[in-house]
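Participant: The structure's right below; bear with me while I get my questions together.
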Amino acid sequence: PNIKIPPRGNVYSCNEANSEGWSEDVLSYLHALKSGENETEKKYALRYVGSMVGDIHRTLMYGGIFFYPGDSKLYPQGHLQLLYKSAPLSYVIEQAGGSSTNGKISLMDVRPNRVHERS
């Protein structure tokens, strides 16, 4: 099927239980989504299933944002494995017109150094 992500959604998906270790930039972005102090001037709703595939599927169908940032405590480089989680679903997202990033560059441009590398 020719799936295209809608240009704007109103849902964000992340595991806020890990937010204690997130960077100030990520926390500021999260606040903007929750408060409506963003480009759309609308509050986003949190919907987090806990299954990356389910959350990405919703994003593909209805638009929105999925993120799972690294944290300063357990996973400073990110939590999701690049080769068999982040990169394959990033490819699907980008083919549907979305974007994927590690906060610096597109995940499709990241060259892994080891099999279980995280991003």
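Participant: Relative contact order of the chain, please, whole-number percent, based on alpha carbon pairs below 8 angstrom and at least 6 residues apart.
Facilitator: The value is 30 percent.
Participant: Assuming R0 = 41 Å, what is the FRET efficiency of Ser23 and Asn2, from their Cβ-Cβ distance, to the nearest 0.05?
Facilitator: So, using R0 = 41 Å, E works out to roughly 0.70.
Participant: Which translational diffusion coefficient, to the nearest whole µm²/s, is obtained for the chain from the Stokes-Einstein equation, given a Kirkwood hydrodynamic radius over C-alpha pairs, 25 °C and 0.890 mPa s?
Facilitator: 166
Participant: List the DSSP H helices in the chain whose Cα atoms stretch 27 Å or more along the helix axis and whose mean Kyte-Doolittle hydropathy is at least 1.0.
Facilitator: Counting only whole DSSP H runs, no helix qualifies.
Participant: Around Thr40, under 15 Å between beta carbons, what's the net of Lys plus Arg minus Asp minus Glu among the other residues?
Facilitator: +1
Participant: Less than 12 Å Cβ to Cβ from Ser72, Lys/Arg counted +1 and Asp/Glu -1: what total charge do the surrounding residues give?
Facilitator: Taking every other residue near Ser72 into account, the sum is -2.
Participant: Something else now. Gain in length, Val92 to Val49, computed as 0.36 nm per residue apart minus the alpha-carbon separation, to one decimal in nm?
Facilitator: Residue separation times 0.36 nm, minus the Cα-Cα distance, leaves 13.6 nm.
Participant: Would you calculate, for the chain, the mean residue ellipticity at 222 nm contributed by helices, counting each DSSP H stretch of 4 or more residues as -39,500 (n - 2.57) and dividing by all residues, to the nearest 500?
Facilitator: Per the formula, -8000 deg cm²/dmol.
Participant: While we're on this one: Leaving out ligands, DNA and RNA, what percent of the accessible area of the chain is carbon and sulfur, probe 1.4 Å?
Facilitator: Solvent-exposed carbon and sulfur of the chain make up 52 percent of the total.
Participant: Scan the stretch 1-99 for GluC sites (Glu not before Pro) in coil per DSSP, keeping those whose Cβ has at most 12 other Cβ atoms within 10 Å, and list them by number.
Facilitator: In loop regions of the stretch 1-99 (DSSP not H, G, I, E or B), the sparsely surrounded GluC sites (Glu not before Pro) are Glu37, Glu39, Glu41.
Participant: I would also like to ask the following. What FRET efficiency would be calculated for the residue pair Glu39, Asp109, taking the C-beta separation as r and a Förster radius of 22 Å, to the nearest 0.05?
Facilitator: Efficiency at R0 = 22 Å is approximately 0.35.
Participant: Here's another thing I want to ask about it. Any chance you could check the Cα centroid distance between the stretch 74-119 and the stretch 50-69 for me, in angstrom?
Facilitator: If we compute the Cα centre of each part, the gap is 14 Å.
Participant: Next question. If you count only protein heavy atoms with a 1.4 Å probe, what accessible area per residue comes out for the chain, rounded to a whole Å²?
Facilitator: That works out to 66 Å² per residue.
The values are calculated or read from the model by the stated rules, or taken from the named source; none is laboratory data. Remember, predicted model here, so these are calculated numbers, not experimental data. Note: ideal-geometry Cβ built from the backbone for every residue, glycine included; neighbour counts use all protein chains shown. Note: areas computed on protein heavy atoms with side chains; ligands, DNA, RNA excluded. Shrake-Rupley method; radii C 1.70, N 1.55, O 1.52, S 1.80 Å.
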